[in-house]
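As structure tokens, the structure follows; a few thoughts come after it.
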Amino acid sequence: MASRSFYLADYIIFAITIVLSVGIGLYHAFAGGKQKTTSEFHLGNRKMAIIPVAISLLVSFESSIMMLGVPAETYVFGIQNIMGNFGWFVANLLAIKIMVPLIHPLKITSAYEYLELRFNSHAVRMLGTILGMLNYALYMGIVLFGPAIALEAVMGFPQFASIIIVAIAAVIYTSMGGIKAVIWTDVFQSFVMLAGIMAILIKGTIVSGGVKSTWTIANDNGRLNFFVWDTDITRRHTFWNLFIGSIIRGTGLIFNQSSVQRICSTPTLKDARKVMIFVSPAFLITIAMACFEGIVAYSYYHTLGCDPLKSKQITNPNQIVPFMVMDIFDGVPGMPGLFMASLFSASLSTLSSGLSSLSALFWQDLIKPHTQPMSELKGTIISKVAVIVFGVVAVCVALLVSLIGGTLTQITGTILAAVGGPLTGLFLLGCFCPWANAKGAFIGTISGIVLITWITTGQYISPNVRKAVPLPSAPIDKCYAPLTNITSLYNVSSLMSSPVYDYHSTVLTTESPMSAHIPIFFQEGYILCLSCFRSGIDYFYSIAYPWFGVIGIFAVMIVGSISSFLTGYTKPEESNPMYLISIVDELFFFLPESVKKAMRLGYNYKKPEMYGGKDTMYDKTVYVDNELDKQPDKNDEETNNHVNNENSALLNVLEENEHHTKSNNSLKKADCDSNNGSLPLLSEDSTHQGELVHNESKT
């Protein structure tokens, strides 16, 4: 396939996008507090505005995989995948109601700080951190590789250049401007992405014969398969594994580090909820637009009478959108450049969010708890260097994927599937299962990882697991290129949002050659048993990929609960309601109080009044945190030690208060204020967090 040429205007538009992105980072590097504190670098001093944070969170999950993979999915298999997005929408609504009120008041920087607070175990926190960082590093590599391979094949843009340009730009503005630069650059890039998508939809619909013709062609050729009610768990996409599965998996999206970082960057719980209220419908709309791109692409090439996949003009469905862009905007300078800018913007937004998240995890979970207290300036420098290091790691992963091709991409997808579900299960075990202890959480998470890895690995090595069958392609009767039968082209790569893209249907079995060595009267029974075993194991390996996350979640929660009871579960009087969510009260509020009381199993989910009022301890801690940030010149080791001494004194006061409250059974807020003044941020010293909250919860 011959690549298409770019005009000077295309390169100018692309260059402007990169320069402006870096410029925003440079601005925030020298504005405000000049990124001299870790609070400003990672959380924007917890003063970020609602709309920018919401847009940033939105585009963080709209990577180049969405720009290329979602339209390719629709082009080959139809629009049924959109049902999963409706499931994510419902999950986001649930998060607004029950998850955000749990996370935001904790004022944490790392999502995995919650695990240490909940399970009172540093080992569980480290397990979550390592899994989260591994997941991010691999994902960033795929995000870098996706547009590189597509642009090289279709537009002739060098693959290595794509990877390096995106990585360097993201590293520069993320390391210099911190979360502020990431958020405001995401806002700019979101408009570029939207402009690129809208241009494709409008122009593509026009050249396909209009809106009615576009959707009629798609419907007549099976692309509008919204509802598939099949209950077979090996069916690749059904209503059940897309909609229901996405609701279950989506409940843990709020515990993603990018989500936690942005939610905790807002000043109040009300603002955090507004962020999610904006993100939920906006995410559904943008993903739907990407699905519509696939519909437009199919209708266009059906009208043209030349399917580029079947005619071997391209070799991968992920190349369908850039190939169509070069077709419909042929001879229109600037438009291919706009698409390339939107594609790179999608990669930049996801990569910068990942770098910011990894930097926060590295500082908050790996460095800070295990080193002597250091100045805020030193902590910020370490965080900035971490951005550069993880940028290099992402490039290495991307280059490794490019060298080995689809095989490693599929392996990477398998690892992501094996990590994501169990990691979500670990968080849900913590907030929904008050009886779970640290040992149960650790054992349950490892069990979930082993189980999902076993299933996904089996799908690759089993020769009898059949592949998913794509829908009929567009006609090729008007193509002029020589045609060959290339059914294998529909082996869509794992650059799609699904970790394992092509498999399942019915199970095939073969006779084992070992039967020749078995006596004749045993052979029939042996073959029958072996056939049943192979059929069963192949059916097990053929479970549809949307169920992987669900299986991983429930595996962790079930094994974790059983292990907790076997190793000494957390009793009601030992649990801390600050880290728990009551499913009974949140989702079954309509039941009589007597029934709800029985379903609570004796556990207390009511948050202490001190945490729920208007003037909470968390509101006060923001003041302390911000006062420190306003004095960057004094953030040396002496100042830091002074603050730590004050924190220790305050903790002693709290312990003394706890001693008195055991006899008085209450603690007046006025006494707390007079004795303690402004309390320190929970995230300022992770080694004292559990102790601080534990004492307060008893009061």
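Quick notes on this structure:
- Under the criterion of Cα pairs below 8 Å and six or more residues apart, the relative contact order for region 75-203 equals 9 percent.
- ARG235-VAL392 FRET efficiency (beta carbon distance; Förster radius 41 Å; 0.05 resolution): 0.50
- Counting heavy atoms of the protein chains alone, TYR539 has an accessible area of about 100 Å² for a 1.4 Å probe.
- Label-point separation in nm, ILE537 to PHE554, each point 7 Å along Cα→Cβ: 2.4 nm
- Column: log10 I(q)/I(0), Debye, Cα scatterers of region 66-119, q = 0.19, 0.30 Å⁻¹: -0.75, -1.11
- To put it simply, the accessible area of region 1-148 at a 1.4 Å probe is 72 percent carbon and sulfur.
- Highest mean packing comes first when the peptides 591-598, 301-308, 212-219 are listed by Cβ atoms within 10 Å, giving 301-308, 212-219, 591-598.
- Full-extension gain in nm, VAL19 to THR216, via 0.36 nm per residue minus C-alpha separation: 66.7 nm
- Summary of packing: across the peptides 434-443, 416-425, the per-residue average of other C-beta atoms within 10 Å ranks them, highest first, as 416-425, 434-443.
- Here THR315 and LEU566 are evaluated by their C-beta separation; at R0 = 56 Å the FRET efficiency comes out at 0.60.
- Taking only the C-alpha atoms of region 285-400, Rg followed by Dmax gives 21.4, 68 Å.
- Measuring r between the beta carbons of TYR27 and ALA137 and using R0 = 41 Å, the FRET efficiency lands at 0.90.
- ILE277 paired with ILE202, simple spin-label distance in nm, labels 7 Å along Cα-to-beta-carbon: 3.1 nm
- For the listed residue pairs LYS180/LYS270; LYS107/LYS597; LYS571/LYS597; LYS270/LYS378, the alpha carbons are over 22 angstrom apart in LYS107/LYS597; LYS270/LYS378.
- Segment LEU587-ILE130, length gained on full extension (0.36 nm per residue, minus Cα span): 161.3 nm
- Report note on the peptides 575-584, 138-147, 186-195: ranked by the mean count of other C-beta atoms within 10 Å, highest first, their order is 138-147, 186-195, 575-584.
- Extension gain, LYS597 to LEU224: 0.36 nm times the residue separation minus the Cα-Cα distance gives 129.6 nm.
- Region 220-284 - percent of accessible surface contributed by carbon and sulfur, probe 1.4 Å: 67 percent
The values are calculated or read from the model by the stated rules, or taken from the named source; none is laboratory data. Values in this document were obtained by computation on a predicted structure and should not be read as measured data. Heads up, the Cβs are rebuilt from the backbone with ideal geometry, glycines too, and the neighbour counts pull from every protein chain shown. Note: areas computed on protein heavy atoms with side chains; ligands, DNA, RNA excluded. Shrake-Rupley method; radii C 1.70, N 1.55, O 1.52, S 1.80 Å.
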